[in-house]
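Input: a single structure, listed below in structure tokens.
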Amino acid sequence: MTNSRLLGATALFCGALLVAWFTHGTGIVKNDPERSISIPDRLTVPLQVQAAYNDTTMFFRYRWPSDRPGIFHDVVRYEDGKWITEGNAMPGSNPAGMHEDRVAMMLDDGSVPEFSRYGGYIAIGAGLAGLTEQAPEEVTKYLPMTRNQLGKWDDKAPDETQANLRAAGYFLDLWHWRGGRSNPVGQADDQNVGTGRDGDEGTGSYSSNWDGDLKQPKVMFDVATAGYKALNWEEVSGGKVSQDSVYALIEGATVPFDPNAGWKNGDVLPRRILKPATGSRGDIGVVGQGRWTDGYWDVTLSRALDTGHPLDDKILHDHGTYDVAFAIHRDATGGRWHYVSLPQSLGLAHQADIMATRITGAQPEWSDTWSDVTLFYPGQVTWPMLNSAAHAGAASIAKGVPVKFRHSPEQLTHYGIEREFKDEIRRQWLLTLLAGVALIIAFGVALNASIASRKGA
């Protein structure tokens, strides 16, 4: 009897040990496209920034690593008599390399008080496109006061309130350089974040190269200018198209599409037609052209200090102090699968995280001195969640404690990933707890049976 109890207790102990072993560290952090989850291999990326200005113009220079130049946003590929779109939005990197590289900068003059403390987090409201719990319609970045209730993406403040907020400067200026849709025409996309992420007044730099009725492109390359009517899919998807070649459908390089031009499998045309943006949306120019060389992008943007569009842009002044935050898309990623920074202070001719040097010439003569900024993958962390009981630091936010006083970029990226897998982590913790309790009980039973066996002997 005693021996059977001992054997049973030993079996219980071994079983509990195996349960504890197999339920611990089983790798719950996994890509899950159905829930819009894709974790990049690299969680932080360095960004270098320089800034300068003269009497009329502001300049920013950005430099960051990228394994290959993302100069195509999407394309159409000819295959067996049909044109197929390559480059649809998806979680994480597009396997065919379709999605342009980008650098973006949000800029504020102090009119959005939370921005200097929490940066882009304040613009991540509930329901945003790309979140696991995204809204049934597309929702882009928006600021908290543009909604009547925190966490209610569809409960927008009345139009009069929105207009008053805008007049008071409650919006973020967004400089958005696109490697495929703006760089070839020497511009960045001038946008803003308020009620949503919107383009400034005017027309953008890109339109669709697709005729939905005829199910074919609208234009193709002009052979007389480019030397070919189409690009090659293997070269495009392999990242082998040079920036020195004609690779964008811009004015002077296109002719109307000819369906009888002898198309063959693998012929490729960009799915965007480019032309310079107009109005306020065309305020930001590229100095020279953004260039990718030896694994790095080097992009310089310029804009008038005073664009004359105060409801779209933040007007900059000599010796002024501002707040900025940065983001990049690399490795053929779109949507929310980018890297972001904490807010940084910008000082025009005075000390700040990033100091803009005052110059007398028409353009800066850049030195080798950079401001280094660490960008991180943010995961799915929304502003409503950060201000809820689900976030241990909500009380600090209520007191206005800046995020950089409590967290580093490295900590924030791990927290963001934990939020993406919060249910799995909770379930794993519970299983491990139960297995541990069972192990303790089994050990106690086995120990008592062993003692009883020895007494019996």
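Subtract the Cα-Cα distance of GLN149 and ALA129 from 0.36 nm times their separation in residues, and report this length gain in nm to one decimal.
Residue separation times 0.36 nm, minus the Cα-Cα distance, leaves 5.3 nm.
Span-like helices, the chain: DSSP H, alpha-carbon axial extent 20 Å or more, mean Kyte-Doolittle -0.5 or greater, which ones?
Within the chain the helices that satisfy the rule are 2-22, 422-456.
What fraction of the DSSP beta bridges in the chain is antiparallel, stated in percent and rounded to the nearest 5?
If we restrict to bridges inside the chain, about 90 percent are antiparallel.
Across bins of 5 angstrom width beginning at 0, how are the C-alpha pair distances of segment 172-304 distributed, in whole percent?
It works out to 2, 10, 17, 20, 18, 15, 11, 6, 2, 0, in whole percents.
Could you rank SER205, SER242 by how accessible they are, 1.4 Å probe, largest area first?
Listed by decreasing accessible area, they come as SER242, SER205.
Can you list which of the GluC sites (Glu not before Pro) found in segment 110-142 are DSSP loop residues with at most 14 other C-beta atoms within 10 Å?
Taking segment 110-142 and a limit of 14 other Cβ atoms within 10 Å, the loop GluC sites (Glu not before Pro) found are GLU133, GLU137, GLU138.
Computed FRET efficiency, Cβ-Cβ of THR140 and THR85, R0 30 Å: what is it to the nearest 0.05?
Calculated value: 0.85.
Residue separation times 0.36 nm, minus the C-alpha to C-alpha distance between ILE440 and THR374: what's the value?
19.3 nm
Under a 1.4 Å probe, what is the accessible area of segment 135-197 per residue, stated in Å²?
Spelled out: the 1.4 Å probe surface of segment 135-197, per residue, equals 41 Å².
Report, to the nearest whole %, how much of the accessible area of segment 213-259 belongs to carbon and sulfur atoms, 1.4 Å probe, protein only.
Heavy-atom surface of segment 213-259 belonging to carbon and sulfur, 1.4 Å probe: 49 percent.
For the chain, what relative contact order do you get, as a whole percent, if you take Cα pairs closer than 8 Å and at least 6 residues apart?
Result for the chain is 26 percent.
At a 1.4 Å probe, what is the % contribution of carbon and sulfur to the accessible area of segment 346-423?
50
Averaged over every viewing direction, what's the projected area of the C-alpha convex hull for the chain? Give it in nm², one decimal, please.
Mean shadow area of the hull around the Cα atoms is 30.5 nm².
Bin all alpha-carbon pair distances of segment 33-103 at 10 Å intervals from 0 and give each bin's fraction as a whole percent.
All Cα pairs considered, the percentages come to 14, 33, 28, 17, 7, 1.
Over the Cα atoms of segment 228-270, what is the Rg over Rh ratio if Rh follows Kirkwood?
0.96
How much length is gained on full extension from ALA304 to SER396, taking 0.36 nm per residue of separation minus their Cα-Cα distance?
So the extension gain works out to 29.4 nm.
Name the residue from PRO69, GLY87, GLN48 whose Cα lies farthest towards the positive end of the charge dipole of segment 25-100, charges +1 on Cβ of Lys and Arg and -1 on Cβ of Asp and Glu.
Highest projection toward the positive end goes to GLN48.
Can you send over the carbon and sulfur percentage of the accessible area for segment 22-149, probe radius 1.4 Å, protein chains only?
47
Among LEU316, MET98, ALA398, which residue has its Cα positioned farthest towards the positive end of the charge dipole of the chain, with +1 placed on the Cβ of Lys and Arg, -1 on the Cβ of Asp and Glu, and the dipole taken about the Cα centre?
Towards the positive end, the residue furthest out is ALA398.
Could you compute the net charge surrounding ARG419? Neighbours are other residues with a C-beta less than 12 Å from the C-beta of ARG419; K and R count +1, D and E count -1.
-3
Kirkwood Rh, Cα Rg: Rg to Rh for segment 113-251?
On the Cα set of segment 113-251, Rg over Rh gives 1.09.
Restricting to Cα pairs below 8 Å that are 6+ residues apart, what does the relative contact order work out to for segment 132-257? Please round to a whole percent.
Normalised by residue count, the contact order of segment 132-257 is 19 percent.
How big is the charge dipole of segment 147-215 about its Cα centre, in debye rounded to the nearest 20, if each Lys and Arg gets +1 on its Cβ and each Asp and Glu gets -1 on its Cβ?
Approximately 280 debye in magnitude.
Could you check the simple spin-label distance between ILE28 and ASP258, using points 7 Å along Cα→Cβ, in nm with one decimal?
6.2
Is it possible to state the helix-based mean residue ellipticity at 222 nm for the chain, with each DSSP H run of 4+ residues giving -39500 (n - 2.57), the sum divided by total residues, to the nearest 500 deg cm²/dmol? What is it?
-6500 deg cm²/dmol
With the crude spin-label approximation of a point 7 Å out along Cα→Cβ, what separation in nm comes out for ARG406 versus THR203?
Computed distance between label sites ARG406 and THR203 equals 4.8 nm.
With no solvent and one point per C-alpha, what does the Debye sum give as log10 I(q)/I(0) for segment 328-405 at q = 0.11, 0.15, 0.21 Å⁻¹?
-0.50, -0.81, -1.07
Based on Cβ point charges of +1 for Lys and Arg and -1 for Asp and Glu, what charge dipole magnitude is obtained for segment 122-168 about its Cα centre, in debye rounded to the nearest 20?
I would put it at about 200 debye.
Given labels modelled 7 Å from the Cα in the Cβ direction, how far is it in nm from ASP211 to SER367?
Placing both labels 7 Å beyond Cα along the Cβ direction yields 5.7 nm.
How large is the charge dipole for the chain, taken about the Cα centre, if only the Cβ atoms of Lys, Arg (+1) and Asp, Glu (-1) carry charge, to the nearest 20 debye?
2100
Say the dipole of segment 177-299 comes from +1 at the beta carbon of Lys and Arg and -1 at that of Asp and Glu; which of GLY266, VAL219, ALA253 then lies farthest toward its positive end?
My answer, from the dipole projection, is GLY266.
The values are calculated or read from the model by the stated rules, or taken from the named source; none is laboratory data. None of these values were measured; they are calculated from a predicted model. Methodologically, a virtual Cβ is constructed for each residue, glycine included, from the backbone with ideal geometry; neighbour enumeration extends over all protein chains shown. With ligands, DNA and RNA removed, areas are computed over all heavy atoms of the protein, side chains included. Shrake-Rupley method; radii C 1.70, N 1.55, O 1.52, S 1.80 Å.
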